[in-house]
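The values are calculated or read from the model by the stated rules, or taken from the named source; none is laboratory data. Every value quoted in this text rests on a predicted model; they were computed, and no experiment measured them. Every residue, glycine as well, gets a Cβ built from its backbone with ideal geometry; the counts of neighbours run over all protein chains shown. All accessible areas refer to the heavy atoms of the entire protein, side chains included, with ligands and DNA or RNA removed. Shrake-Rupley method; radii C 1.70, N 1.55, O 1.52, S 1.80 Å.
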Amino acid sequence: CTRCFRRIREEGERRKNAVVTCESCRGAVYCGVRCREDDDAHAGECALVQRAVTDPRLRSATRGLRMFLRLLYLRAAHPHRFEALGALQSHLAHLPPAQQARLRGMAGAVNSMLPPPAQMPVEALADMMSKVHTNLHGVVDAAGRALGSGLYPAAAMFNHSCAPNAVVSFARGGRLRVRAIVLIAEGDEVCIAYTELYAAAAARRAALESKKAFLCTCTRCTDPVAVRHDLPLEGWACE
Ligand SMILES: [Zn+2]
Ligand SMILES: [Zn+2]
Ligand SMILES: [Zn+2]
């Protein structure tokens, strides 16, 4: 479902019969009339989806754009909900020039598709897109299957550790929950994982550096004994 992330296909006939689409573009699918009515972000992407429905080549190319169109449309309609975005980190200035140019090009394309009240100066938009890319959470179901992506400014404040003391999971409707997995003493920092933990230190650090633009210095990445314990995750270590 475009609004609540519900997996429609696996919820049986009753659910399938309730499925509706946007009447203008026919490309946004909802689990029911209620989600269609409540989706106040779809107006920002409807024109693009309409084009993608008739042009299959546009379909995969527009997935990332759709997310930004939805976000920016929401931002114009409910600016107070986006105030927290100001506190998030942008890495635009530190990206390689080719990546910066790609983000600015994408910002120009997004702007040209938005209604004028939702448009932003290209530089500010590229900066916001960098913030979104860096802080995005992949939304998964209970079985770990990808459902989409979400921006959760409060959850973006949690720092990363490769030996985290809390985990992220998602409830119905894409609501993000953070749960402790060990006893956490008062005053201790609560950390979550931004990357695959069943990977060796070098692979984890490379993934974090490319996707999140920082070099992990957690104990699991820097303590020689911990790094050695992780070696079997890469292959077999000869003793
Ligand atoms: Zn729904
Ligand atoms: Zn539509
Ligand atoms: Zn680490």
Point to revise | Inter-label distance, nm, simple model (7 Å from Cα along the C-beta direction), residue 222/residue 154 | key: 3.1
Exercise for review: Could you please put 161, 112 in sequence from largest to smallest accessible area, using a 1.4 Å probe?
Suggested key: 112, 161
Check your understanding: Where both residues lie in the chain, what percent of DSSP beta bridges are antiparallel, nearest 5?
Key -> 85
Study note, to complete from the structure: The long-range amide H neighbours of residue 166, using H built 1.01 Å from N in the peptide plane and a cut-off of under 5 Å, are 181, 191
Check your understanding: Placing +1 at every Lys and Arg Cβ and -1 at every Asp and Glu Cβ, with all other atoms neutral, what dipole size does the chain have around its Cα centre, in debye to the nearest 20?
Key -> 880
Review point. Tell me, what is the 1.4 Å probe accessible area of residue 184, in Å² to the nearest 10?
Key: 60
Check your understanding: Residue by residue, what Karplus-based ³J(HN,Hα) values in Hz, rounded to whole numbers, does segment 214-224 have, using 6.51, -1.76 and 1.60 with θ = phi - 60° and x for Gly and Pro?
Key -> 8, 9, 6, 10, 5, 4, 5, 8, 10, 6, x
Check your understanding: Within the accessible area of the chain, what % is carbon and sulfur when the probe is 1.4 Å and the other protein chains stay in place?
Key -> 54
Point to revise | Probe 1.4 Å, protein heavy atoms only - accessible area per residue of segment 158-233 in square angstrom | key: 63
Review point. Points 7 angstrom from Cα along the Cβ direction at residue 198 and residue 185: gap in nanometres?
Key: 3.2
Exercise for review: Count neighbours as other Cβ atoms within 10 Å of each site's Cβ, and list the chymotrypsin sites (Phe, Trp or Tyr not before Pro) in segment 167-239 that are DSSP loop with at most 12 such neighbours.
Suggested key: 198, 236
**Study point:** Residues with amide H under 5 Å from that of residue 29, placed H, sequence gap 5 or more
**Key:** 2
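With all distinct Cα pairs included, what does the Kirkwood hydrodynamic radius of the chain come out to in Å, to one decimal, could you say?
20.2
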